[in-house]
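Okay, so here's the structure we're looking at.
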């Protein structure tokens with residue numbers, strides 16, 4: 001377990017038990033300090049962008065290490081949703097093409113695909129997630145037709161926290177020459193991520209969840225050989241390889257994922273993201289994963305004793321647990337935990353689960369899990 005004194009590195013309210021990293025992670029003080037310092041630096045040097053400089057490159061290299069990519073395959077975004085929009089609007093679909101996805105999609109990922117389908121007469125085909133990797137692959141295969149062009153799959157379900165067999169799905173998609181996008185919003189920083197092994201064309205994540213980055217930061221990975229496949233739909237000064245002559249009919253994109261970074265972005269937020277990466281690297285991702293999983297298993301064991309309906313399949317490498325209590329609406333339980341016990345969790349409506357999700361991270365403790373279980377037991381007696 002991680003030393004509990006790590007909490008002192010966060011502005012963690014002493015009267016709160018925060019179990020909602022799956023929505024927003026807490027930013028370490030070192031990252032906040034880096035943001036403030038970068039803002040001061042920029043204001044002290046008017047006209048400087050703090051963008052695409054040496055520090056920018058260093059943070060991009062850190063990001064690439066987290067997911068086993070090259071820096072040239074990484075673009076900075078605001079969140080997973082922006083990455084999903086870039087991918088789904090950049091792929092060269094034709095009317096009648098089909099995209100396969102799951103019933104556990106977050107609105108931020110599925111809505112871009114639905115909007116593209118509506119605009120360009122595509123078809124979205126949805127399968128219900130299954131308990132086993134083999135059954136998941138079988139359900140995907142059942143939807144395959146000659147018109148299937150792409151898969152959009154979550155690495156970790158935002159609804160019940162299950163880890164999907166993204167590597168096996170990648171091999172299946174590659175054999176059938178399908179485009180493969182992975183929604184990684186809940187994965188990096190919570191489970192090990194090896195994008196090379198997954199074999200996807202593109203992968204998007206939000207760094208303000210398990211990676212503890214500033215709110216409004218994210219990453220988009222586009223495999224080097226897919227850069228010309230996924231056309232940038234929003235472009236700006238940093239997208240092109242050279243100066244542009246408006247009289248010329250052609251121009252060249254930069255030969256990297258930087259082509260998807262358009263306009264002025266916040267160099268201060270990227271400085272904060274770099275500090276968050278440094279913080280996580282110092283503690284160690286393996287130690288963090290072990291800590292989170294220990295807390296999650298402690299919570300699940302406690303829920304079993306309370307006869308709760310645990311929706312997250314076991315065994316799992318996920319730190320997320322989704323559950324229900326009989327005869328207590330999830331919204332009522334969520335409000336009770338916050339209002340009566342100062343425990344922040346998330347209600348889950350995705351996939352029609354109507355449940356509660358908890359997502360502990362490195363700043364949480366076993367004592368907090370015990371207190372949460374006692375609060376849930378008290379709720380059952382109301």
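For region 26-70, filtered to residues that are within 17 Å of residue 206 (Cα to Cα) and out of contact with any strand residue (DSSP E or B) (no Cβ under 9 Å at 6 or more places or on another chain), the residue that is surrounded by the most Cβ atoms within 10 Å (Cβ to Cβ) is 31.
The residue that is farthest from residue 364 (Cα to Cα), among those in region 311-328 that are buried (at least 19 other Cβ atoms within 10 Å of the Cβ), in contact (Cβ under 8 Å) with a residue 40 or more places away in the chain and under 26 Å from the mean Cα position of the chain (by Cα), is 311.
Using the structure shown, decide if residue 362 is closer than 27 Å to residue 211 by Cα and outside any loop (DSSP other than H, G, I, E, B). Considered against the rule, which asks whether it is closer than 27 Å to residue 211 by Cα and outside any loop (DSSP other than H, G, I, E, B), residue 362 comes out as no.
Does residue 87 count as crowded, with 20+ Cβ neighbours inside 10 Å, assigned by TED's automatic domain parsing to the domain that holds residue 226, touching a residue at least 60 places away in the same chain (Cβ under 8 Å) and in contact with a strand residue (DSSP E or B) (Cβ under 7 Å, 6 or more places away or on another chain)? Step through it out loud before you land on a result.
Numbers: crowded, with 20+ Cβ neighbours inside 10 Å: yes; assigned by TED's automatic domain parsing to the domain that holds residue 226: yes; touching a residue at least 60 places away in the same chain (Cβ under 8 Å): yes; in contact with a strand residue (DSSP E or B) (Cβ under 7 Å, 6 or more places away or on another chain): yes.
Yes.
Filtering region 329-351 to residues that are in contact (Cβ under 8 Å) with a residue 12 or more places away in the chain, part of a helix (DSSP H, G or I) and exposed (fewer than 14 other Cβ atoms within 10 Å of the Cβ) leaves 331, 340. Please indicate, with yes or no, whether at least one residue in region 103-111 is in the same structural domain as residue 205 (by TED's automatic domain parsing), in contact with a strand residue (DSSP E or B) (Cβ under 8 Å, 6 or more places away or on another chain), under 28 Å from residue 236 (Cα atoms) and at pLDDT 95 or above. Yes, some residue in region 103-111 is in the same structural domain as residue 205 (by TED's automatic domain parsing), in contact with a strand residue (DSSP E or B) (Cβ under 8 Å, 6 or more places away or on another chain), under 28 Å from residue 236 (Cα atoms) and at pLDDT 95 or above. Of the residues that sit in region 297-310 and are out of contact with any helix residue (DSSP H, G or I) (no Cβ under 9 Å at 6 or more places or on another chain) and under 20 Å from residue 158 (Cα atoms), which one is surrounded by the fewest Cβ atoms within 10 Å (Cβ to Cβ)? Filtering first and then ranking leaves 297.
Residues in region 353-367 that are closer than 30 Å to residue 277 by Cα, surrounded by 21 or more Cβ atoms within 10 Å (Cβ to Cβ) and either assigned by TED's automatic domain parsing to the domain that holds residue 158 or in contact with a helix residue (DSSP H, G or I) (Cβ under 9 Å, 6 or more places away or on another chain) (or both): 356, 358, 359, 360, 361, 362, 363, 364.
Residues considered: 233, 264. Of these, the only one that is touching a residue at least 40 places away in the same chain (Cβ under 8 Å), surrounded by fewer than 20 Cβ atoms within 10 Å (Cβ to Cβ), in the same structural domain as residue 211 (by TED's automatic domain parsing) and closer than 27 Å to residue 32 by Cβ is 264. The set of residues in region 143-179 being touching a strand residue (DSSP E or B) at 6+ places or on another chain (Cβ under 7 Å) and farther than 24 Å from residue 208 by Cα consists of 143, 145, 147, 148, 149, 150, 151, 169, 170, 173, 178, 179.
What number of residues within region 105-126 are surrounded by 19 or more Cβ atoms within 10 Å (Cβ to Cβ) and outside any helix (DSSP H, G or I)? The qualifying residues number 2. For region 371-380, the criterion of being in contact (Cβ under 8 Å) with a residue 24 or more places away in the chain, surrounded by 21 or more Cβ atoms within 10 Å (Cβ to Cβ) and closer than 20 Å to residue 1 by Cα is met by at least one residue. Among the residues of region 37-63, those identified as modelled with pLDDT of 85 or more and either within 23 Å of the chain's Cα centre (by Cα) or at positive phi (or both) are 56, 57, 58, 59, 60, 61, 62, 63.
Yes or no: residue 199 in contact with a helix residue (DSSP H, G or I) (Cβ under 7 Å, 6 or more places away or on another chain), closer than 16 Å to residue 80 by Cβ and either crowded, with 24+ Cβ neighbours inside 10 Å or assigned by TED's automatic domain parsing to the domain that holds residue 63 (or both)?
On the way: in contact with a helix residue (DSSP H, G or I) (Cβ under 7 Å, 6 or more places away or on another chain): yes; closer than 16 Å to residue 80 by Cβ: no; either crowded, with 24+ Cβ neighbours inside 10 Å or assigned by TED's automatic domain parsing to the domain that holds residue 63 (or both): yes.
Answer is no for this residue.
The residues in region 6-25 that are in contact with a helix residue (DSSP H, G or I) (Cβ under 9 Å, 6 or more places away or on another chain), buried (at least 16 other Cβ atoms within 10 Å of the Cβ) and assigned to a loop (DSSP other than H, G, I, E, B) can be counted, and the count is 3.
The values are calculated or read from the model by the stated rules, or taken from the named source; none is laboratory data. Computed from a predicted structure; not experimentally measured. Note that each Cβ is placed from the backbone with ideal geometry, even for glycine, and that neighbours are counted across all protein chains shown.
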